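Take a look at the structure set out below.
The values are calculated or read from the model by the stated rules, or taken from the named source; none is laboratory data. Quick caveat, the model's predicted, so the values are computed rather than measured. Backbone-built Cβ (ideal geometry, glycine too); neighbour counts: all protein chains shown. The area values use the complete protein model at the heavy-atom level, side chains included, leaving out ligands, DNA and RNA. Shrake-Rupley method; radii C 1.70, N 1.55, O 1.52, S 1.80 Å.
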Amino acid sequence: MCGIMGYAGRNNAIPVITHGLSNLEYRGYDSAGIAIFKDGQIMITKKAGRLADLVKAIGEPPAANLGIGHTRWATHGVPSDVNAHPHADCSGRIAIVHNGIIENYAALRKELILEGHDFISDTDTEVVAHLVEKFYADSLENAVRKALNYIEGSFALAVISQEEPDKIIAAKKDSPLIVGLGAGENYIASDIPAILGKTDKVYILDDYEFVVVTAEGVTITDFSGNLINKEIFNVTWDPISAEKAGYEHFMLKEIHEQPDAIRQTLRGKIKDGLVDFSEQGLDELFDDVKKIYMVACGTAYHAGLVGRLAIEKIARLPVETDIASEFRYRDVLWSPGDLMIVISQSGETADTLAVLREAQRNGVKVLAVTNVVGSSIAREADKVLYTYAGPEIAVASTKAYSTQLVIMYLLALYLAKKRKTYDQKTLAGLGKELLDMDVMTEKVLQEEEKIKRLAGKYQNVESTFFLGRGLDYAVAMEGALKLKEISYIHAEAYAAGELKHGPLALIDTGVPVLALISQDALAAKSMSNIKEVKARGAVVVAVCKENLQEVCQECDEQILLPDVNPLLAPIVSVIPLQMFAYYMAIFRGADVDKPRNLAKSVTVE
Ligand code: F6R
C-alpha cells in the first residue's frame, strides 16, 4: 500500500506534496515523510503518526522547488520515525520513497552490509537506497536502472539525489504510479486524487516504465532506456470530489453521494428498459459463457455475492463467487465457457489482480468491474465495466459497493436478455425499476436521524449480529463488515436459518441483532428466526421494507425501506447499515475515515 507524491516546479514543494499526500492517506496513514533540498543538501523530515504530525514537525516550510513524500502502511518494520520513508543511503545524498514490497530485500541487505553499508531501519525499502548508492557513478538515472536489475517484488519508486537536484527518477512494477503534467511543473503520485486541482493531464504508467521528471519535462522509457510514447489521459474528476465539501467525514459524504453515483453508473446503459452494453463492447464476451466465476475481496466480494444470486435468478446461469485470496490457491476445474468477473474498487488489490492473471493464463477471459480508470486491473482485464462512484476516499467502502451492485444488476438483466430467460416486457419493467434506484436511495437517506438515535442507544455494546436470508444475508455480511472495521465492535453476519446450528449460544440479554427483511417471499421465515433470538433476550432492529412492516411488528425497532422489488433491495437496505456503522464509530470516538490497522488500497497479498 502506501502513497507516493513528488513535485518538481516553481512553487514551494512542501505544501504541494503534503496536500497531495493528504489525498493519498487512504493508502496508508501510520507514518509520513518528505525529502527536499535545503542549502544544497537533502533534508528529510519523517514522523510516525498521521500526516498532520509531519506537517507540524516541518513547521514553517523552507523554500524548496522539488521533493518527494510518502504516507505509509507498514509491512516491514513497525510504524516509527526511523521506518517512515523517505529512506537514505549511507551518505544521506540519495533519498527514496517506495510503495510495494522488495521480496529479496533480506539477501540484498546481507550483501550490502558485507560491502560496508550501514542500515538504520527495518524496512525492505532501505536496500534500494543503498543499491542506488552502490551503482552511482555518472548519473542517478543509470544508478537507478542498475539497481532495478537486482530487486524482485513490487514497486513504485521515486528517488532524488543531491548531485542532481533538478530531477526525480521514478519507476514502476506492480504498484500504481502516475505522472501529472503541469506548465513549468510536474508531479508523480500513486493515484489521481493527489494531483486533482493541480492538473487534469496525466500519464498512467505501465509496469516496467521508468520516468525522469523535472520542472520542464517528463521522459518515459522502459527499464533499458528505450523511449516510450504514451497517450495523455484527461482526468474528468471534479477536484471537489476529493474534498469533504462540508461533511465531517469522507465516509458520510460518500454515503450521501450514493444516489448520484448510482445515476452516473446507470447512465446510458439502459435503452427502452433493456440493458445495452454495445458501447462497452461486451456482446461477444458473453456469447458462449456457461459458467461465471466472480472473485473479489471484502466489500467487493459482498457485491459479488449479490451478483451471484441476481444472475442465477434472472439469467439462469451458474455463478460461483469466491474470495480472491482463497480462489487463487484453489485447483479450479476450468472448463470451456468459463468467464471470470473480478470486482475491485481500487483496481489494485493484489489478490484480485493475481486471480485475473491466473484466469487469463488458463485461457479464460476476464471482465473487470472497477472504479479506477487506468488501474492495473482495468488495464489487464479483457473488458471493463466501470462504476462511476467518483473517488472514494474513506477507507470503508460505501458508494463503490452500491455502484458495484448496480453493475451486478445490469449484468444480470443483460444476460437474461441475451439468454432470453424472460420476455422483454418483464425485463424492461425490471430495467425501469433499476433506473429508479437513485430516488429510492434518496428516500432511505432521510432515515439518518433515526439511525443516529439508534446508534446512540447501542453505542456501548460489545457484540452485534446481522441476520438475513438470501440477498438479505449478503447485505448482512456487508453491514457487519462496516460496523467492525470502523467502530471496532464485534459483529457477526449469519444466514438467519443457520443461527440455531451453533451461534445462537452467543445470544444473550441485550445483544443487538440487526435483521434484514426485504425479501417478501422469505420474510415470514426470517421472522421465525427473529423470534428465536428475541426469546433469548436479544433486542432486534429490523431493517424492513414498508410493505413488510406488519410482519416485523414484533421487532423492537424498525428502520423502514421503500417498497422496492426484492431483487433490487440490497441497494437500499445497505444504506441504514452504513449509517449505523458510521454513527456507532462517531459515538465511540473512532477515526471513521482512517480505521486502525487498515488501508484502502491493499496491494500486498
Ligand atoms: C471495506 C473495504 C474493503 C475492500 C477490499 C477490496 O469497507 O473497503 O473490504 O472492499 O479491500 O478492495 P478493492 O475493491 O479496492 O479491491
Averaging sequence separations of C-alpha pairs under 8 Å and six or more residues apart, then dividing by the length of the chain, give the relative contact order as a whole percent. 12
With Cα atoms, 0 to 90° folded angle of helix 523-534 axis to the chain main axis: 80
The helix 448-458 Cα axis meets the longest alpha-carbon principal axis of the chain at an angle in degrees, between 0 and 90 and rounded to 10, of 90
Angle between the Cα long axis of helix 126-135 and the longest principal axis of the chain, 0 to 90 degrees, nearest 10? 30
Seen from all sides and averaged, what is the projected area of the convex hull of the Cα atoms in segment 471-560, in nm²? 5.4
Can you compute the equivalent ellipsoid semi-axes for segment 247-435, i.e. the square root of 5 times each eigenvalue of the Cα gyration tensor, sorted largest first and rounded to whole Å? 24, 23, 13
Would you work out the relative contact order for segment 3-243, in percent, from Cα pairs under 8 angstrom that are 6 or more residues apart? 19
Calculate one ³J(HN,Hα) per residue across segment 419-432 by plugging θ = phi - 60° into the Karplus curve 6.51 cos²θ - 1.76 cosθ + 1.60, and present them in order as whole Hz with x for glycine and proline. 8, 6, 7, 9, 6, 4, 5, 5, 5, 5, x, 5, x, 5
Please list 3J(HN,Hα) in residue order for segment 296-303, calculated via the Karplus relation 6.51 cos²θ - 1.76 cosθ + 1.60 where θ = phi - 60°; whole Hz, with x for glycine and proline. 6, 10, x, 4, 5, 5, 4, 5
What 222 nm value per residue comes from the helices of the chain, counting each DSSP H run with n ≥ 4 as -39,500 (n - 2.57) and dividing by all residues, nearest 500 deg cm²/dmol? -10000 deg cm²/dmol
Accessible area of residue 500 in the full protein assembly, 1.4 Å probe (Å², nearest 10): 100
Cα-based Rg and Dmax for segment 379-447, where Dmax is the largest Cα-Cα distance (Å): 14.7, 41
State the antiparallel share, in %, of DSSP beta bridges confined to segment 247-435, rounding to the nearest 5. 10
With a 1.4 Å probe and all protein chains left in place, how much of the accessible area of the chain comes from carbon and sulfur atoms, in whole percent? 48
If I ignore ligands, DNA and RNA and count only protein heavy atoms, how much of residue 138 is accessible to a 1.4 Å probe, in Å² to the nearest 10? 110
Which lysines have a Cα less than 16 Å from the Cα of residue 365, not counting those fewer than 8 places away in the same chain? 290, 291, 383
What are the ³J(HN,Hα) values, in whole Hz, obtained from phi via the Karplus relation 6.51 cos²θ - 1.76 cosθ + 1.60 with θ = phi - 60°, for each residue of segment 557-563 in sequence order, with x given for Gly and Pro? 9, 10, 10, 8, 10, x, 7
Net charge over other residues, Cβ less than 11 angstrom from the Cβ of residue 493 (K, R count +1; D, E count -1): -2
Got a number for the accessible area of residue 120? Probe 1.4 Å, square angstrom, nearest 10. 130
With a Cα-only, solvent-free Debye model of segment 300-362, what are the log10 I(q)/I(0) values at q = 0.13, 0.19, 0.24, 0.26 Å⁻¹? -0.35, -0.76, -1.14, -1.26
Equivalent-ellipsoid semi-axes (√(5λ), Cα gyration tensor) for segment 445-605, whole Å, largest first? 24, 18, 16
Taking H as built 1.01 Å from N, whose amide H comes closer than 5 Å to the amide H of residue 492, not counting residues under 5 places away? 464, 465, 466
Size-normalised alpha-carbon gyration radius of segment 81-143, reference 2.2 N^0.38 Å: 1.03
Within the P(r) computed for the chain, what percentage of the Cα pairs occupies the region above 42 Å? 27
Sorted by accessible area (1.4 Å probe), largest first, how do 422, 187 line up? 422, 187
For residue 436, what charge total do you get from the other residues with a beta carbon under 12 Å from its beta carbon, if Lys and Arg give +1 and Asp and Glu give -1? -1
Accessible area expressed per residue, segment 247-435, with surrounding protein chains retained (probe 1.4 Å, Å²): 37
Residues other than residue 457 with Cβ under 14 Å of its Cβ, Lys/Arg counted +1 and Asp/Glu -1, net out at +1
